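*Asks:* Next up is a structure, given as structure tokens.
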Amino acid sequence: MKRFFIYSVMTLQLLACSSVQLVKTEINLQPTANEIAKILAVTNWHLLGRLSVRNTEESWLTKIEWRHASLADEVTLSTSLGGVVAKLSYMDNIITISKAGEHERVVSEREMESLIGYSPPLPHLKYWLRGVPNPAVGAQINNESPVSTRVFVQDGWRVNLERFMVFNERVLPTKMSFTKDGLKMKLVVDEWL
């Protein structure tokens, strides 16, 4: 019996020392024109995540829920405890915002900038969040970026797509940052729906 116990302990120690290899699937991070067309063909999508924004004077962190439909984008920003800070709707260059305890109102891009301290790249974000440049505006693709990232510059914004997952047979980013003129926005997608 004592011998069995010693052999069991030795076997467990050997197993504890062995390494486990994770199987990794190779994902092509530079999408083909066909893959971009498939990504853009999805007209309704939804994501949950965390957004941080930092400029030269301040920084803040919020939860984000983004719902995209063919006609409009609905964005809800909330605290870590779930309290809604603001709701934003973007459709055909019209921005509608409602802050906690206020009625919904239409705002211009300048008003938006004065409210939150920066002008978000709203016309582009619905594309960047899915890992592709806005097809209506030229972009400089950085093909020399590290293998695990996708980088491009569009409309003065540097877009870094750093982590990816396969969702519904499409490669979508789950960690990204957008930088322009001392402003840095970081988004981590917790869930694609």
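The values are calculated or read from the model by the stated rules, or taken from the named source; none is laboratory data. If you're wondering where the values come from, they're calculated on a predicted model, not measured in any experiment. For neighbour counting, all protein chains shown are included, and Cβ atoms are generated from backbone atoms with ideal geometry for every residue, glycine included. In case anyone asks, the SASA skips ligands and DNA or RNA and just uses the protein heavy atoms, side chains included. Shrake-Rupley method; radii C 1.70, N 1.55, O 1.52, S 1.80 Å.
*Asks:* Report the extension gain between residue 44 and residue 79 in nm, rounded to one decimal, defined as 0.36 nm multiplied by the number of residues separating them, less their alpha carbon distance. Before the final figure, lay out each step's value.
*Replies:* On the way: separation 35, 0.36 × 35 = 12.60 nm, distance 2.50 nm.
Computed gain between residue 44 and residue 79 is 10.1 nm.
*Asks:* Report, in listed order, any pair from 38/99; 38/87; 99/184; 38/180 with a Cα-Cα distance greater than 27 Å. Write out the running numbers ahead of the final one.
*Replies:* Working: 38/99 35 Å; 38/87 29 Å; 99/184 23 Å; 38/180 29 Å.
Correct reply: 38/99; 38/87; 38/180.
*Asks:* List, in order, the whole-Hz ³J(HN,Hα) value for each residue of the range 73-90 obtained from phi through the Karplus relation with A = 6.51, B = -1.76, C = 1.60 and θ = phi - 60°; use x for Gly and Pro.
*Replies:* Taking θ as phi minus 60°, the curve returns 10, 10, 10, 10, 9, 9, 6, 5, 8, x, x, 6, 8, 7, 10, 10, 10, 10 Hz for the range 73-90.
*Asks:* A follow-up question, please. Could you sort 156-163, 78-85 so that the peptide with the highest average Cβ count within 10 Å comes first and the rest follow in order?
*Replies:* Most protected by this proxy first, the peptides run 156-163, 78-85.
*Asks:* Keeping all protein chains in the complex and leaving out DNA, RNA and ligands, what accessible area do you get for residue 127 with a 1.4 Å probe, in Å² to the nearest 10?
*Replies:* 40
*Asks:* Next question, about the same structure. Please compute one quarter of the surface area of the Cα convex hull for the range 30-182 and express it in square nanometres.
*Replies:* That works out to 9.7 nm².
*Asks:* Determine the distance separating the Cα centre of the range 78-102 from the Cα centre of the range 125-193; give it in Å without decimals.
*Replies:* Going from one Cα centre to the other spans 23 Å.
*Asks:* More than 19 angstrom separation, counting every C-alpha pair in the range 33-96; what % is that?
*Replies:* 47
*Asks:* May I pose another question? Would you mind putting 94-104, 144-154 in packing order, based on average other-beta-carbon counts within 10 Å, highest first?
*Replies:* Ranking, from highest mean packing down: 144-154, 94-104.
*Asks:* On a 1.4 Å probe surface of the protein chains, which of 113, 169 comes out largest in accessible area, and what is the full order?
*Replies:* Result, largest first: 169, 113.
*Asks:* Right, here's the next one. At 7 Å along Cα-to-Cβ for each site, give me the label-to-label distance between residue 118 and residue 51 in nm.
*Replies:* Placing both labels 7 Å along Cα→Cβ, they lie 1.1 nm apart.
*Asks:* Moving to a separate point now. By average Cβ neighbour count within 10 Å, what is the ranking of 86-92, 120-126 from highest down?
*Replies:* Sorting 86-92, 120-126 by mean packing, highest first, produces 120-126, 86-92.
*Asks:* Between residue 142 and residue 35, what FRET efficiency comes out of the Förster formula 1/(1 + (r/R0)^6) with R0 = 22 Å and r the beta carbon distance, rounded to 0.05? If you can, show how the numbers build up before the last one.
*Replies:* Values: r = 18 Å, r/R0 = 0.82.
It comes out at approximately 0.75.
*Asks:* Working out 0.36 nm times the residue gap between residue 183 and residue 72, then minus their Cα-Cα distance, what length gain in nm do you get to one decimal?
*Replies:* 37.4 nm
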